[in-house]
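The values are calculated or read from the model by the stated rules, or taken from the named source; none is laboratory data. Predicted model, so just to flag it, every value in this text is computed and none were measured. Protein only, heavy atoms only, side chains kept; ligands, DNA and RNA dropped before computing areas. Shrake-Rupley method; radii C 1.70, N 1.55, O 1.52, S 1.80 Å.
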Amino acid sequence: MKRSFRDADFDRLAAFWNGCAPEKYWIDGEQLRLNTVDSPVFDWGASCIEDADGEILGFVSIKKSAATLYPGPDQDVAHLSAMRNRGFTRLQFGQDSRHFFPGCPIDYPALSSFLTVEGFSEGGEVVDLERSLIGYENPYPTPQGDEMRAVTASDLPALVEFFDREFPARWKYDTMKKVEIEGPSCVFALFHGSRIDGFALVQDSSNKAPIGGAVWHVSLGPNWGALGAIGVSKEMRGRGSGIALLGCALEYLRDRGVDQCIIDWTGLIDFYGKHGFLPSRRYKSMSLALEA
């Protein structure tokens with residue numbers, strides 16, 4: 001019997017998920033709620049839970065394109081599952097707003113086999129990276145004239161100006177939504193006077209709504225942390241500001257008591273490896289054309 005997500009028991013759904021997925025992809029009920037029905041692009045009409053005699057047999061969460069939230073996404077692309085009569089032309093596994101997966105996990109063969117049988121095509125590979133921050137020391141000096149610190153409420157106009165100038169799409173949307181929920185200190189920034197020229201989104205176990213790699217906080221452990229997205233303005237690139245910002249942001253997380261830290265959805269293994277990060281999860285992009 002198929003039913004909607006209204007009045008869903010998310011703890012039971014998470015337990016079902018954890019019974020299917022490898023341990024490093026386990027989640028809790030609150031994270032599942034945040035990444036499904038709490039998402040502004042959750043498709044209530046297409047998502048469903050299937051059960052029989054009170055036993056959960058499966059569920060599917062479908063999201064519409066994030067084109068209504070920020071510029072860039074293809075409005076004809078749905079995420080995870082869709083039907084042609086809902087107007088979509090391509091189905092992308094993961095990569096949605098408030099995503100769990102940036103692609104299909106390589107070490108989840110039951111899932112990758114299912115998608116392959118259903119006709120999904122493989123794309124490029126990305127990784128999550130992890131390391132412990134206990135004893136971490138930033139090996140990269142801060143360039144002269146750069147100031148690295150957490151954002152305060154008085155810095156928010158400068159932060160919005162930075163995003164409008166440099167990263168006006170998903171990074172702006174995701175970060176400013178986090179600021180609304182967690183407060184401005186979830187952003188660590190590169191300053192020149194009152195101007196912001198770089199940012200790093202930082203998360204720890206005090207956060208109310210983990211996003212990105214932080215959705216795997218069950219696997220990361222109780223003193224978890226996450227870093228990313230991170231970026232600097234175009235004119236700051238190539239002078240050491242970005243890698244110094246990364247190191248200062250990691251020290252900020254370390255000083256907040258973070259042990260295991262994750263950086264998600266990246267191909268920059270060598271860059272983050274300079275700070276001791278190693279791949280912990282690998283994903284393949286997978287999509288399905290829905291056009292006849």
Legend entry - Accessible solvent surface per residue of the stretch 122-213, calculated while the other protein chains remain in place, 1.4 angstrom probe, Å²: 43
Inset, instruction - Report, to the nearest 10°, how far helix 170-182 tilts away from the longest principal axis of the Cα atoms in the chain, using its own Cα long axis and a range of 0 to 90°. - result: 80
Inset, instruction - Mind jotting down the three principal axis lengths of the stretch 195-234 based on Cα atoms? Whole angstrom, largest first. - result: 36, 15, 15
Inset, instruction - Mind grabbing the accessible area of His79 for me, 1.4 Å probe, Å², rounded to tens? - result: 30
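Does the stretch 160-292 classify as rounded, prolate or oblate by the C-alpha gyration tensor (a ≥ b ≥ c root eigenvalues; a/c under 1.5 gives rounded; else a/b over b/c gives prolate, otherwise oblate)? Don't skip to the answer; put the middle values down first.
Values: a/c = 1.34, a/b = 1.11, b/c = 1.20.
Taking the square roots of the gyration eigenvalues as a ≥ b ≥ c, the stretch 160-292 is rounded.
Excluding ligands, DNA and RNA, what is the solvent-accessible area per residue of the stretch 29-68 at a probe of 1.4 Å, expressed in Å²?
Working: 1590 Å² over 40 residues.
Using a 1.4 Å probe on heavy atoms only, each residue of the stretch 29-68 averages 40 Å².
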Legend entry - Overall Cα dimensions of the chain - principal axes, largest extent first, Å: 64, 36, 34
Legend entry - Where Rh is the Kirkwood radius over Cα pairs, Rg/Rh for the stretch 85-216: 1.05
Inset, instruction - Using a 1.4 Å probe over the heavy atoms of the protein chains, calculate the carbon and sulfur portion of the accessible area of the stretch 210-260 as a whole percent. - result: 48
Legend entry - Degrees separating the helix 156-166 axis from the principal Cα axis of the chain, which is the longest one: 70
Inset, instruction - Convert each backbone phi in the stretch 125-134 into a coupling constant with the Karplus relation 6.51 cos²θ - 1.76 cosθ + 1.60 (shift: θ = phi - 60°), then list the ³J(HN,Hα) values in order as whole Hz, x for Gly and Pro. - result: 10, 10, 9, 9, 10, 9, 6, 7, 9, 5
Inset, instruction - In whole Hz, with x marking every Gly and Pro, tabulate ³J(HN,Hα) for the stretch 7-19 from phi via Karplus 6.51 cos²θ - 1.76 cosθ + 1.60, θ = phi - 60°. - result: 6, 5, 8, 6, 5, 5, 5, 5, 4, 5, 3, 5, x
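Considering only the stretch 1-107, what is the antiparallel percent among its DSSP beta bridges, to the nearest 5?
Numbers: 9 of 12 bridges.
About 75 percent, rounded to the nearest 5.
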Legend entry - the stretch 1-130 - percent of accessible surface contributed by carbon and sulfur, probe 1.4 Å: 50
Legend entry - Calculated on alpha-carbon atoms, Rg and Dmax of the stretch 233-292 in Å: 16.2, 55
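Counting DSSP beta bridges with both partners in the chain, what percentage is antiparallel, nearest 5? Provide the component values of the computation, followed by the final result.
Numbers: 43 of 48 bridges.
Taking every DSSP beta bridge within the chain, about 90 percent pair in antiparallel fashion.
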Inset, instruction - Compute the projected area of the convex hull of the Cα atoms of the stretch 1-145, averaged over all viewing directions, and report it in nm² to one decimal place. - result: 12.8
